[in-house]
Structures are given as C-alpha cells and as structure tokens.
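*Asks:* Quick one: the structure is below, questions incoming.
The values are calculated or read from the model by the stated rules, or taken from the named source; none is laboratory data. Small disclaimer: the values here were computed from a predicted structure and weren't measured. Ideal geometry is used to build each Cβ from the backbone, glycine not excepted, and the neighbour counts take in all protein chains shown. Keep in mind that these areas ignore ligands, DNA and RNA; they rest on the heavy atoms of the full protein, side chains included. Shrake-Rupley method; radii C 1.70, N 1.55, O 1.52, S 1.80 Å.
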Amino acid sequence: MFMVKAFPADARVLIVGRGTWDVAEALRFKAEVAAVLTHCGRTCGAVRMLADLTEHHLQCSRVSEVNAETAQIIKDARIERYALAVPGALLRLQARRLLCGVNFSMFANREDAAAWLDWPLDDLARDLQASRGDRLHDAA
C-alpha cells in the first residue's frame, strides 16, 4: 500500500509505503510519484519530500527494479530536501542501493526525518492519519 500526497502551499510531498508490493503496485506508485512531482515542479518549484517507510517491507527483485525507475524520477525532480524514515538495517541497505545518485538523508524514525525537513510534527501526524484512510492505495 502507498500514498503520495502533495502540499503545494507548503512545497511539501509526503510518501507513505507499507507492506510488500507486487509489480503492478510498484508501477502504480511510479506513475503517481511522477504525476505528483511533475505537478509540484510546475506549481511550487522545489519541494521538501518525506518518505515514511517505517511499515514498508523488503521487496522482491522485480519490484526493486521498478522502484529503481521511480528513484530516477525522483533524481530528476526539483527536490530541495529529501528525507526517508527507514527503521530496519536491510531496508536501509535496499533504499541506499535504489537511491544511488539521489541526494537524501535517512533517519530511523519519521519524527527525526520531519524535524530535519522543518515539517511541523502536528501537520505530519495529521497527514499520516489521513494515510490510514481511504486515500491509501492497495494492491487489490
């Protein structure tokens, strides 16, 4: 499951990834990331982006290949600061490999990532709560 949400007024993008994905879900994620970052690039310029992967799992090699394509989209986007919240060591290794060439900082939790981005924690809590609702894309 995933959510990609833009906050153009604040030049912020929130990505939430959860669980294990199949290739179809990874392709939907790639398309949504591309659409949101393209829109933000036209409307608000460079963004601060937070990827909350605290409930994300290691992905199979084919999904990782698609996610590497998504990383290229991120690399080409107008991003001022990019923070990832990734708690597990293996997932951190996978993220570093996939994001090779992307300028980012990695944190063990979402609160430290948000603080580094100057993203108010009250806003983050509200945004993450919304991600638990019907806006979260499921593989089904």
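*Asks:* When region 64-96 is examined, which residues are found to be without any contact (Cβ under 8 Å) to a residue 24 or more places away in the chain and under 21 Å from Leu27 (Cβ atoms)?
*Replies:* Glu65, Gln72, Asp76
*Asks:* Among all residue pairs at least 6 apart or on different chains, which show Cβ distances below 8 Å where the first residue, located in region 41-63, is among the hydroxyl-bearing types (Ser, Thr, Tyr) and the second is surrounded by 20 or more Cβ atoms within 10 Å (Cβ to Cβ)?
*Replies:* Within 8 Å, the pairs are Thr54/Ala85; Thr54/Val86; Thr54/Arg110.
*Asks:* Kindly provide the set of residues from region 56-84 that are open to solvent by less than 30 Å² (accessible area, probe 1.4 Å), in a helix (DSSP H, G or I) and either closer than 23 Å to Glu111 by Cβ or of a type in the set (A, V, I, L, M, F, W, C) (or both), ordered by number.
*Replies:* If the condition is that a residue be open to solvent by less than 30 Å² (accessible area, probe 1.4 Å), in a helix (DSSP H, G or I) and either closer than 23 Å to Glu111 by Cβ or of a type in the set (A, V, I, L, M, F, W, C) (or both), then Val63, Val66, Ala71, Ile74 are the ones that fit.
*Asks:* Being surrounded by fewer than 17 Cβ atoms within 10 Å (Cβ to Cβ) and modelled with pLDDT of 90 or more is the filter here; which residues of region 117-140 pass it?
*Replies:* Passing the criteria: only Asp118.
*Asks:* Tell me, which residue of region 85-134 that is among the small types (Gly, Ala, Ser) and part of a loop (DSSP other than H, G, I, E, B) is nearest to Leu50 (Cα to Cα)?
*Replies:* My answer is Ala108.
*Asks:* Also: When you scan region 18-31, how many residues do you find that are open to solvent by 40 Å² or more (accessible area, probe 1.4 Å) and over 11 Å from the mean Cα position of the chain (by Cα)?
*Replies:* 7
*Asks:* Based on what the data block shows, is Leu53 open to solvent by 40 Å² or more (accessible area, probe 1.4 Å), of a type outside the set (Ser, Thr, Tyr), closer than 18 Å to Arg97 by Cα and outside any helix (DSSP H, G or I)?
*Replies:* no
*Asks:* Here's something else I'd like to know. Residues that are over 26 Å from Glu111 (Cβ atoms), among the charged types (D, E, K, R), at pLDDT 95 or above and in a helix (DSSP H, G or I): does region 3-23 have at least one?
*Replies:* No.
*Asks:* Taking only pairs six or more apart or across chains, which ones have beta-carbon atoms under 6 Å, a first residue in region 6-30 that is over 25 Å from Gly45 (Cβ atoms), and a second residue that is acidic (Asp, Glu) and open to solvent by 10 Å² or more (accessible area, probe 1.4 Å)?
*Replies:* Arg18/Glu55
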